[in-house]
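Accompanying notes for the structure given below.
What follows draws every value from the coordinates through simple rules; no lab data is involved. Owing to the predicted nature of the structure, the values given are computational and were not obtained by experimental measurement. All Cβ positions, even for glycine, are placed from backbone atoms using ideal geometry, and neighbour counts span all protein chains on display.
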Amino acid sequence: MPHDHHDDCCSHGDHDHNQDGDDVGPNDNLFPYIDRPNVVALNATAPGSSIIKPWHERRDEVVFLESDTDEQLIIRVPFNGSVKLRTLLLKTGPGDQTAEKVFLYANAPSLDFSDAQDKAPTQEFEVPVSPDVCEYPVKAAKFSSLSSVTIFIPSNRGADTTKIFYIGFLGHWTQRKENPVITVYEAQANLADHEKIQGTDGNFSTTQS
């Protein structure tokens, strides 16, 4: 399976991507568009939303998510709209608790561990051991119309559990288009155009749409 190597981290905090200061973050930071109450973490000792932090807390190591019975983790992240993903941001570790690989799945909101064993990821990354927030550019064509993204961490560097401090995303958000409800109104009902409902003796009729 093809995957991307990251021998070192490019920490996004070292770049100037906006004019509003470091607390705001890049203009394409997707934090405001994550449906945080519905973020789900499987095999975790804390809620998945705990590591979906605002930009100014991305380096925080007080709040973290740790795997429970083994080193594997699944985090399902829904969005409030349609997202074109550009970059995954991840802070994991330290040491042997660092994720070894990260599998990303586009629009797989119900993925569990049994599914992950059989389903090929949309994209796969190798994760370096680093204290920084690392960037993982995705293949935009494969993440161009997201309602959710699911992260599967299959292994770490040898520890019993895996620890994640921060997950973030960069990309473009648009409001999800809802299918319009089209109603046809008649100026004057013609009973001949409607089917009779049994048991009504013709007093009521179905509405044509």
note = Whole-Hz Karplus couplings 3J(HN,Hα) for region 121-133, θ = phi - 60° and coefficients 6.51, -1.76, 1.60, Gly and Pro as x, run x, 5, 7, 10, 10, 8, 10, x, 7, 7, x, 8, 7
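Under 1.5 on a/c is rounded, so check that first for region 42-87, then, if it is not, pick prolate when a/b is larger than b/c and oblate when it is not; a ≥ b ≥ c are the square roots of the alpha carbon gyration tensor eigenvalues.
oblate
Need one word for region 74-118: rounded, prolate or oblate. Basis is the Cα gyration tensor (sqrt eigenvalues a ≥ b ≥ c); a/c below 1.5 gives rounded, then a/b vs b/c decides. Please report the intermediate quantities before stating the final value.
Numbers: a/c = 2.49, a/b = 1.29, b/c = 1.92.
Oblate, because a/c is 1.5 or more while a/b does not exceed b/c.
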request  = Determine, for each peptide in 104-114, 164-174, the mean count of other beta carbons within 10 angstrom over its residues, then list the peptides with the highest first.
outcome  = 164-174, 104-114
Rough spin-label spacing in nm, given labels placed 7 Å along Cα→Cβ, for ALA140 and ASP35 = 2.6
request  = Classify region 110-160 as rounded, prolate or oblate from the Cα gyration tensor: take a ≥ b ≥ c as the square roots of its eigenvalues, call it rounded if a/c is under 1.5, otherwise prolate when a/b beats b/c and oblate if not.
outcome  = oblate
